[in-house]
Amino acid sequence: MFRDIAVGDKEWRILLLRYFNPIGAHPSGELGEHPVGIPNNLMPYIQQVALGQREFLRVFGSDYPTPDGTAIRDYIHVMDLAEGHVSAVVKVLASPDLGCVPINLGTGKGSSVLEMIRAFEAASGKKVEYKLMDRRPGDSVAVWAATETAEKELGWKSKYNVDDMCTHQWAWASKYPQGYETPL
Ligand code: UDP
């Protein structure tokens, strides 16, 4: 739809920002994710297990054709994602003939579910109990971003690695274990 708009009306300047798997928190630990109910996503669930709020993580699939059998995703720090948006706004304002360009906001690096569990354990010093389960219907085996267009068009690339993402998420989680419901 946006591509059609950009063709039909040259006044429009459009960047389609494709998010990969945003995780982490502000490095201060003051801003983070507060899922309502049982989290569907991996990292909020891991966080709740590390906090002792849930007994164990269900690892969905351990027989994928990946090095450790678990699925691979491109996890990106929320602050990198935020910077990517700022770069996108700067690009749009500076590019009268932009048209419509899709841009991946990812790191270009994939991590497996077991790698994320280990990274979170290292960052938090807590054990993350897990059980290997069947695959979740509809899940892809391995997804990571091609980052060349973001670098070329926005001059942007991610800075943080998964250890930073887990460290900052734990800073938030350990400070505010009940999220925004934590009494001040
Ligand atoms: N995952 C898992 N247990 C969970 C939630 C997610 O093993 O409780 C896995 C899921 O199968 C996928 C990865 O973790 O391989 C990331 O899942 P998420 O839902 O966070 O993102 P998406 O699948 O939308 O990329």
Residue 34-residue 17 pseudo-label distance in nm [points 7 Å out on the Cα-to-Cβ vector]:
2.2 nm
What percentages make up the Cα-Cα pair-distance distribution of the stretch 67-184 when the bins are 5 Å wide from 0?
2, 10, 15, 17, 16, 15, 12, 7, 4, 1, 0
Quick one: plug the Kirkwood hydrodynamic radius of the stretch 20-70 (C-alpha pairs) into Stokes-Einstein at 4 °C, 1.567 mPa s, and report D in µm²/s.
102 µm²/s
Work out how much length residue 143 to residue 127 would gain on full extension: take 0.36 nm times their residue separation and subtract the Cα-Cα distance, in nm to one decimal.
3.1 nm
If one computes the Cα centroid of the stretch 69-131 and of the stretch 14-35, what distance in Å separates the two points?
8 Å
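Since every read-out is calculated from the coordinates, none of them should be taken as a lab result. Predicted, not measured: the structure shown is a model, and the values here were computed from it. A quick note on method: Cβ atoms are made from the backbone with ideal geometry, for glycine too, and the neighbour counts reach across all protein chains shown.
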